[in-house]
Amino acid sequence: MLGQQVPVATAEAGPDKGLRRRWRIGEKFIEGWIFLAGLLAIVVLLGIIALLLKEGLPVFLDTPPWEFFFGTKWYPVSEPPTFGIMPFFVSTLWITLVATAISVPVGVACAAYLAEVAPNKVRETVKPIVELLAGIPSVVMGFIGLMLLSPLVQSAFNLNTGLCGLSAGIMLSLMSLPIIVSVSEDALRAVPDQFRQASYALGATRWETIIHVSIPAALSGITAAVMLGVGRAIGETMTVLMVAGGALAVPLSPTEPMMPMTAAIASGIGNAVRGGLQYQALFAIGLVLFVLTLAVNVIADRVLERQKRKFAR
Amino acid sequence: MFNNPIRKWLIVPAAVLMAAAIALAGCPGGGGGGDGLSGSFSIIGSNTVTPLSSVWAEDFMKVNPGVSIAVSGPGSGAGIASLINGTTDICQASRMIRQTEIDSARANGVEPYEIQVATDALSVVVHPSNPVLELTIVQLSAIYTNRITNWREVGGNDEPIVVISRDTNSGTHVFFKEHVVQMKGLPTEDKTLEYGSKVLFLPSTKEGVDEVAQNPNAIFYPGLGYVTEEVKPLAIKATADTPGVLPSVETALDGSYPIARPLLFYTNGEPTGAVRAFIDYCLSAEGQAKVTEVGYVPLQ
């Protein structure tokens, strides 16, 4: 901060025009640099979209879109192969639903405790530990799901096998929990203290203050946190590949074995010959995943926008 | 989205094994040892063949410190795709290469060269507490197409059958589909049959064996090398009138076990140099002794 202020002061106060010009050139250079960096992100995004479209769309020449999206049979190595992604799509929805249903209430409650109730010392110890959870590799989460959780789920729900969407969803909820806790806690802490003090002054209890003042005020940040968590759950691959069971039927409940879209791509791409029909079908699944995460982001954006307008009133 | 670490957990143990082997072999560049063979190559493919290739690679690298071999086992299909795309030197496979695959290899300038390195008796395993002792191919086909869904229908307890298979990357998946699900070579052969939609497709053989070890109602088909004390192999009957045969080295060698299959290496053209020396070692008496140790069936 200080280092930046000094040359500005010199440039404005001093008669040294050379220094001012140099300053301007530096400014332009940095401007251009930032512009290029911004452009690069867009170019990469467009490149990914173009690649997905180029590799994925040709599958519809062979399999009509109707059959591809609503077909319930996926036999890529048969003669002739059939590609219907309905089982994968429904599996992704189930697993994301389970993961969200667990991680959002637990995560937001944990964030509210850390931001509003916990003493400083507790918060400073607990938050880094929760964030450490995000650093556990997904393969390790898969092993834990395989060895510890799936036998538990099997006996608790009296299932034929513990390798099912429910186990995968529970593991994913653990993986999106740190993101939700961390981002929501930041959002809650950013709520001005005057809000709380005003609430207490009106005679509200701590609980009423959290529920009616702090959380609504931080809702935009919490929504962003939830969407990040949902995004993680939709995109996670290794854990679901290991734990979800990988059955090809359209799952009617989360307790059935299932194969979400990410697992279908991961387990199929290895033996797909470049440019072959299976390769194209897998890219088309990638396209569907991309559109799905895009939709999540657009919805999050809309919610944030509405929230802002509400506060502006 | 496509940067997910696909099957890294299969490659990592192989890499650790390799690192250990290199460490055991002593400092590289220290001179001495072996016949001056050097180079590095990769073996990619069948999950079934991986334990065997890893042992061979480890021993070969001990004798030839100048050679480094990377083994990974995503599945035969993945290995053949790597061979076609030119990203592996040796493809290990637990099924024969298909004509369509040979065609696309040739189109890419790759000429697949086949070498049988061992034989496998594909075992069908259940939980040790399961009272069922033997199944016919026809019954197995019905189980894997979800036409039989309860153990009671094949002489077991009144419990649902949890049917486990490998995923489509696996050569075992394809071999089992052709020879058991579609009953190749039997009068009841039906090429339109597919795995049922309730079948669990798992990404590794080890995971399937682990699930059978803890699930009393599960059934799975690992290679003989993956059969442990914790699971029970079933006797297989080719038809209802023939006696049930348990999978073993002897029954696979004398041809009485109905679902034995070759384990293969594919290279681009006839192998040369270090790859050639490695394959010669695999086929030698010493190499074939390792086959029995790992639990597969050596060539005669």
Quiz prompt | Filter result for the condition that a residue is farther than 26 Å from A:VAL296 by Cβ, in contact with a helix residue (DSSP H, G or I) (Cβ under 7 Å, 6 or more places away or on another chain) and crowded, with 22+ Cβ neighbours inside 10 Å, over A:SER173, A:SER150 | solution = A:SER150
Quiz item: Out of curiosity, is B:ALA235 small (Gly, Ala, Ser), over 25 Å from B:LYS62 (Cβ atoms) and touching a residue at least 24 places away in the same chain (Cβ under 8 Å)?
Solution: yes
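Looking only at region B:49-62, filter to residues that are in contact (Cβ under 8 Å) with a residue 60 or more places away in the chain and β-branched (Val, Ile, Thr); which one of those is surrounded by the most Cβ atoms within 10 Å (Cβ to Cβ)? Please lay out each step first, then the result.
Taking region B:49-62 as the starting set, the residues that turn out to be in contact (Cβ under 8 Å) with a residue 60 or more places away in the chain are B:49, B:51-52, B:55-57, B:59-60.
Keeping just the survivors that are β-branched (Val, Ile, Thr) gives B:49, B:55.
Details: B:VAL49: 30, B:VAL55: 17.
Among residues in region B:49-62 that are in contact (Cβ under 8 Å) with a residue 60 or more places away in the chain and β-branched (Val, Ile, Thr), the one surrounded by the most Cβ atoms within 10 Å (Cβ to Cβ) is B:VAL49.
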Exercise. May I ask you to say which residue of A:THR63, A:THR82 is within 12 Å of another protein chain (Cβ to nearest Cβ) and polar (S, T, N, Q)?
Key: A:THR82
Exercise. State yes or no: is A:ILE144 part of a helix (DSSP H, G or I) and either surrounded by fewer than 21 Cβ atoms within 10 Å (Cβ to Cβ) or facing another protein chain (nearest Cβ under 10 Å) (or both)?
Key: yes
Quiz item: Quick one: is A:VAL153 without any contact (Cβ under 8 Å) to a residue 12 or more places away in the chain, part of a helix (DSSP H, G or I) and not small (Gly, Ala, Ser)?
Solution: no
Quiz item: Given the structure, is B:PRO271 modelled with pLDDT of 90 or more, in a loop (DSSP other than H, G, I, E, B), away from chain A (no Cβ under 14 Å) and surrounded by fewer than 22 Cβ atoms within 10 Å (Cβ to Cβ)?
Solution: yes
Quiz item: Which residue, of A:ARG232, A:ARG274, is of a type in the set (Lys, Arg) and either at pLDDT 90 or above or not in a loop (DSSP other than H, G, I, E, B) (or both)?
Solution: A:ARG232
Quiz prompt | Sole exception among (1) within 11 Å of another protein chain (Cβ to nearest Cβ); (2) surrounded by fewer than 23 Cβ atoms within 10 Å (Cβ to Cβ) for A:ALA263, by number | solution = (2)
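Yes/no matrix, rows are residues, columns are (1) outside any helix (DSSP H, G or I); (2) closer than 25 Å to A:VAL273 by Cβ:
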{"position": "A:LYS28", "(1), (2)": "no, no"}
{"position": "A:GLU31", "(1), (2)": "no, no"}
{"position": "A:LEU39", "(1), (2)": "no, no"}
{"position": "A:LEU45", "(1), (2)": "no, no"}
{"position": "A:ILE49", "(1), (2)": "no, yes"}
{"position": "A:GLU55", "(1), (2)": "no, yes"}
{"position": "A:LEU61", "(1), (2)": "no, yes"}
{"position": "A:PHE69", "(1), (2)": "no, yes"}
{"position": "A:VAL77", "(1), (2)": "yes, yes"}
Quiz item: Taking helices (runs of 4 or more DSSP H) that fall entirely within region B:1-91, which contain at least 3 residues that are modelled with pLDDT of 85 or more?
Solution: B:50-63, B:76-85
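The values are calculated or read from the model by the stated rules, or taken from the named source; none is laboratory data. Please read these numbers as outputs of a predicted model, since none were measured by experiment. Every residue, glycine as well, gets a Cβ built from its backbone with ideal geometry; the counts of neighbours run over all protein chains shown.
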